[in-house]
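The values are calculated or read from the model by the stated rules, or taken from the named source; none is laboratory data. In this text the structure is predicted, and so the values were computed from the model without any measurement. All Cβ positions, even for glycine, are placed from backbone atoms using ideal geometry, and neighbour counts span all protein chains on display.
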Amino acid sequence: MGRVTQRRPVLRIRGGASVTRPDTLAAEEPLEIRLNGRSLAITMRTPGDDFALAAGFLVSEGVLGSADELRNIVYCAGATADGSNTYNVVDVRTAPGLALPDFTLERNVYTTSSCGLCGKASLDAVRTTARWTIDADDGSTPPVRLTPELLAALPDRLRAAQRVFDRTGGLHAAALFTPRGELLDVREDVGRHNAVDKLVGHALQSGALPLRDTVLLVSGRASFELAQKAVMAGIPVLAAVSAPSSLAVELAAETGLTLVGFLRGDSMNVYAGEHRITLRAAASSG
């Protein structure tokens with residue numbers, strides 16, 4: 001079944017009866033991300049889309065912003081003592097002459113599948129300067145406007161596209177939609193921040209950044225790190241089926257990001273960027 005999933009025996013108990021049978025689990029393995037040969041971060045992820053994950057991670061770190069700044073990404077042969085390739089170490093090589101951020105700030109380079117920013121030296125260290133404003137300054141991209149009805153339909157469309165979740169029940173998902181509700185891309189991973197990095201990394205590799213004319217939907221909560229990743233990719237709307245954190249709301253308010261939480265059925269909370277939500281006149285007066 002590949003490295004995305006694994007089969008393991010499980011004792012299943014239902015109504016007092018028990019049976020041992022194989023179960024499908026979402027795979028979780030470490031991925032070390034190197035930048036020009038230098039170890040930068042280790043994240044726990046679901047194998048697959050590793051190059052996109054690494055590229056997306058470097059977008060959120062302010063290293064990459066366009067495909068021409070990326071020379072190549074390779075798996076590191078000889079990553080173990082015996083010289084074998086585990087396919088768990090990637091090296092991102094940037095274009096010659098590209099200026100890199102200062103990574104000398106104290107930071108914990110190990111990131112778990114639930115928190116991509118643990119160990120940052122301070123809040124200021126993660127407020128990376130974005131390359132783009134969320135709305136285009138030159139008018140080349142029409143402002144994004146969404147109705148609550150369109151937003152309400154997106155979680156079901158995301159759920160229908162989650163192939164690995166159907167087999168394991170153990171993965172987060174992130175999806176990009178157009179403002180008309182059309183699904184552009186969806187990625188799954190044990191880490192919600194990894195799923196977003198895979199989306200952004202694919203966009204970088206295809207020359208699609210900034211993603212100004214899109215909506216990002218995540219299957220869990222909206223943390224500060226996910227809001228930051230949206231801003232760094234130029235995404236104007238972040239919607240989540242669960243709650244946002246206080247720092248996510250603060251960042252959204254500062255940058256103009258529309259942040260929607262508790263998107264369930266026809267109900268939702270808009271925490272910032274209300275100007276992109278088009279309400280019926282009767283509904284908006286209440």
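For the reader, a short list of remarks on this structure follows.
- Checking each residue in segment 25-39 for being crowded, with 18+ Cβ neighbours inside 10 Å and touching a Gly at 6+ places or on another chain (Cβ under 9 Å) picks out Ala26, Ala27.
- Conditions (1) over 22 Å from Ala55 (Cα atoms); (2) of a type outside the set (S, T, N, Q); (3) assigned to a helix (DSSP H, G or I); (4) at pLDDT 90 or above: number failed by Pro179: (3)
- Taking segment 189-272 as the region of interest, the helices (runs of 4 or more DSSP H) fully inside it that hold 2 or more residues being surrounded by 24 or more Cβ atoms within 10 Å (Cβ to Cβ), at pLDDT 95 or above and touching a Phe, Trp or Tyr at 6+ places or on another chain (Cβ under 9 Å) are 192-205.
- Of all residues in segment 132-155, at least one satisfies being modelled with pLDDT under 85, exposed (fewer than 15 other Cβ atoms within 10 Å of the Cβ), among the acidic types (Asp, Glu) and not in a strand (DSSP E or B).
- Residue match in segment 116-125 (condition: exposed (fewer than 12 other Cβ atoms within 10 Å of the Cβ) and modelled with pLDDT of 90 or more): no
- The numbered conditions (1) surrounded by 15 or more Cβ atoms within 10 Å (Cβ to Cβ); (2) not assigned by TED's automatic domain parsing to the domain that holds Val89 are all true for Ile42 except (2).
- Of everything in segment 14-43 that is modelled with pLDDT under 80 and not small (Gly, Ala, Ser), the residue that is nearest to Ala173 (Cα to Cα) is Leu25.
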